[in-house]
1. Which number in (1) away from the ligand (no atom under 12 Å from the Cβ); (2) closer than 24 Å to Ser25 by Cα; (3) touching a residue at least 24 places away in the same chain (Cβ under 8 Å); (4) among the β-branched types (Val, Ile, Thr) marks the one condition that Thr38 misses?
2. When you look at Gly93, is it without any contact (Cβ under 8 Å) to a residue 24 or more places away in the chain and either within 16 Å of the ligand (Cβ to nearest atom) or hydrophobic (A, V, I, L, M, F, W, C) (or both), yes or no?
3. So, Arg71, is that one within 16 Å of the ligand (Cβ to nearest atom) and in contact (Cβ under 8 Å) with a residue 12 or more places away in the chain or not?
4. Filter region 84-95 down to the residues that are surrounded by 14 or more Cβ atoms within 10 Å (Cβ to Cβ) and farther than 12 Å from Ile105 by Cβ and list them by number.
5. Give me the residue from region 45-83 that is closer than 18 Å to Ile97 by Cα and of a type in the set (S, T, N, Q) and, out of that set, surrounded by the fewest Cβ atoms within 10 Å (Cβ to Cβ).
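What follows draws every value from the coordinates through simple rules; no lab data is involved. Predicted model, so just to flag it, every value in this text is computed and none were measured. All Cβ positions, even for glycine, are placed from backbone atoms using ideal geometry, and neighbour counts span all protein chains on display.
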Amino acid sequence: MFIYLNVHNIFKPAFLKPMKKSVTSKELARERIETLFTHARERLAYAKRYIALARKIATRAKTPIPKHLKRQFCKTCNSLLVFGKNATLRQRGALIIRCLDCGTIKRIPLRKQ
Ligand SMILES: [Zn+2]
């Protein structure tokens, strides 16, 4: 009878093995971020909390927040940016988004054609 022994697994302690993060965990994180942003839009009173949670999930799962959501919150005060209410959007060679809650300015350069 042949008994297969995985030598590498025996001599390598568990803490030395590289942590494998499955692709599904990242997909799950992305899904959670999307749902948290939809909840933030529905309940503006809790928007800051939802966005803080979404950002925490993104850092834990090592996934970037999607581009279209990245422009919808202020990274300084975590508030949901609603243009015309608590944020302004101007175009001066770049998109200039200003948060009216804390005054932070975000510049998104436009590509030259
Ligand atoms: Zn802000």
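1. The number of the failed condition is (3).
2. Working: without any contact (Cβ under 8 Å) to a residue 24 or more places away in the chain: yes; either within 16 Å of the ligand (Cβ to nearest atom) or hydrophobic (A, V, I, L, M, F, W, C) (or both): no.
No: the conditions fail for Gly93.
3. Values: within 16 Å of the ligand (Cβ to nearest atom): yes; in contact (Cβ under 8 Å) with a residue 12 or more places away in the chain: yes.
Yes: the conditions hold for Arg71.
4. Asn86
5. Filtering first and then ranking leaves Thr76.
A quick yes/no check of all residues on (1) of a type in the set (A, V, I, L, M, F, W, C); (2) on the phi > 0 side of the Ramachandran plot; (3) in a helix (DSSP H, G or I):
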residue: Ala52; (1), (2), (3): yes, no, yes
residue: Lys56; (1), (2), (3): no, no, yes
residue: Ile65; (1), (2), (3): yes, no, no
residue: Cys77; (1), (2), (3): yes, no, no
residue: Lys85; (1), (2), (3): no, no, no
residue: Arg90; (1), (2), (3): no, no, no
residue: Cys102; (1), (2), (3): yes, no, no
residue: Arg111; (1), (2), (3): no, no, no
